Amino acid sequence: MKKIKILVAALAISALLAVALVPAAFADNADYSGTGTLHAQGTGIAQIKGKGEVWGTGKGGLLAITDNGGGARIEVSGEGRKVQVGNTVIYYGFDGRFFVAGRDIVVRLEGARVDLTAVGTGTAFLKGHGKVWINGRLIGLWSVNGGSFNYGP
């Protein structure tokens, strides 16, 4: 029984470190200096449209990534049924983490425990219950009717 507890603790620590290191592990060579940062946490729908990088985690929902500009870098790990429709990849039953970098991307994350960060220039549509920060400052709450937040210059 003691060995199982130690194994569970080790796995939990490994999982926490993996989530914390997602931005650093997936960082690309693109320079987004002089652009904005948006961070959103909540339950519901979060959709980012813009240019730059988006990363985060979701639990028990849907992840849809559209690459309108072509050549986007897309990294996804975790669980979910993957379906490709044109330039959009959809993960149904998504439970995991992701990283996307591109010049014209749309990232939609739906479900419980939505946690995402966007760096670059764009607009976030947030619907449900949660909080949103822009450039490190808490600027508002998600609306049950949905609301848009711009980030970047």
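A few notes on this one:
- Sites L138 and R73, calculated FRET efficiency, Cβ-Cβ separation with R0 30 Å, nearest 0.05: 0.55
- Linear extension gain, H129 paired with R103, 0.36 nm per residue minus alpha-carbon span: 6.5 nm
- Neighbour-count order for V100, V76, fewest beta carbons within 10 angstrom listed first: V76, V100
- Per-residue 3J(HN,Hα) values for segment 116-127, derived from phi via the Karplus relation 6.51 cos²θ - 1.76 cosθ + 1.60 with θ = phi - 60°, read 9, 10, 10, 10, x, 9, x, 10, 10, 10, 10, 9 Hz in sequence order (x marks Gly and Pro).
Laboratory data are not the source of any read-out in this text; all were calculated from the coordinates shown. Here the structure is a predicted model, which is why all the values come from computation and not from measurement. FYI the Cβ positions are ideal-geometry reconstructions off the backbone, even for glycines, and counts take in every protein chain you see.
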